[in-house]
């Protein structure tokens with residue numbers, strides 16, 4: 001099956017704020033932002049999946065009103081760091097996570113491995129379906145996890161993958177992982 005992945009558009013949160021699973025609003029310009037990439041997504045989609053957070057649902061609704069939300073597509077849970085400025089989190093608290101974000105959980109949150117396992121569960125289930133064209137609207141963390149899943153690279157390399165707004169990841173999801181391949185990033 002062909003899978004198209006879009007990150008939500010820009011949010012109404014100042015730069016430098018940690019907002020993982022907090023349900024923040026999109027900027028008022030989100031419809032104009034969608035117009036800039038909408039033409040890169042086919043109109044004959046079989047299904048649209050979305051993170052349940054409003055910043056993804058509002059984007060997904062522009063492609064289908066019959067979308068399916070799935071908690072496995074949520075951004076990383078940053079726990080007590082949610083809505084704090086990254087620079088305000090004490091170094092003694094954040095350094096262990098910087099050193100090993102894959103296995104070190106954020107306070108009352110999760111680590112990247114937990115996010116990856118959620119995403120893996122979603123994709124493993126998706127590959128059993130008979131869809132031809134699928135859109136997933138989600139978050140940067142999940143998109144990085146998709147890249148590591150497809151390329152079978154160590155999770156430690158996830159943040160080496162840039163994930164921009166208005167960017168579409170297009171890949172083939174086969175019946176087995178041996179049949180997966182990236183078509184393009186556009």
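Since every read-out is calculated from the coordinates, none of them should be taken as a lab result. All figures in this text were calculated on a predicted structure; none of them were measured in a lab. Note that each Cβ is placed from the backbone with ideal geometry, even for glycine, and that neighbours are counted across all protein chains shown.
Observations on the model:
- Ordering of 120-129, 105-114, 70-79 by packing [mean C-beta count within 10 Å, highest first]: 70-79, 105-114, 120-129
- Alpha-carbon centroids, the range 56-127 and the range 133-155: separation in whole Å: 12 Å
- Taking the longest Cα principal axis of the chain as reference, the axis of helix 112-126 is set at about 10 degrees.
- From least to most packed, judged by other beta carbons within 10 angstrom and beginning with the fewest, 81, 86 follow the order 86, 81.
- Relative contact order for the range 1-124, counting Cα pairs under 8 Å that sit 6 or more residues apart, in percent: 25 percent
- Between residue 179 and residue 31, the contour length at 0.36 nm per residue exceeds the Cα-Cα span by 49.8 nm.
- Between 0 and 90 degrees, the angle of helix 140-151 with respect to the longest Cα principal axis of the chain falls at about 60 degrees.
- For the range 2-185, share of DSSP beta bridges that run antiparallel, in % to the nearest 5: 50 percent
- 31, 155 arranged by Cβ crowding within 10 Å, fewest neighbours leading: 31, 155
- Fewest-first ordering of 8, 170 by other beta carbons within 10 Å of each residue's beta carbon gives 170, 8.
- Spin-label zone in the range 121-136 - amide nitrogen under 18 Å from a point set 7 Å from the Cα of residue 43 along the C-beta vector: 133-135
- In plain terms, the chain from residue 88 to residue 10 could stretch by 25.9 nm, reckoned as 0.36 nm per residue minus the Cα-Cα distance.
- Distance between modelled label sites at residue 130 and residue 153, nm, 7 Å Cα→Cβ extension: 3.6 nm
- Sum of -39500 (n - 2.57) over DSSP H runs of 4+, divided by residues of the chain (222 nm, nearest 500): -8000 deg cm²/dmol
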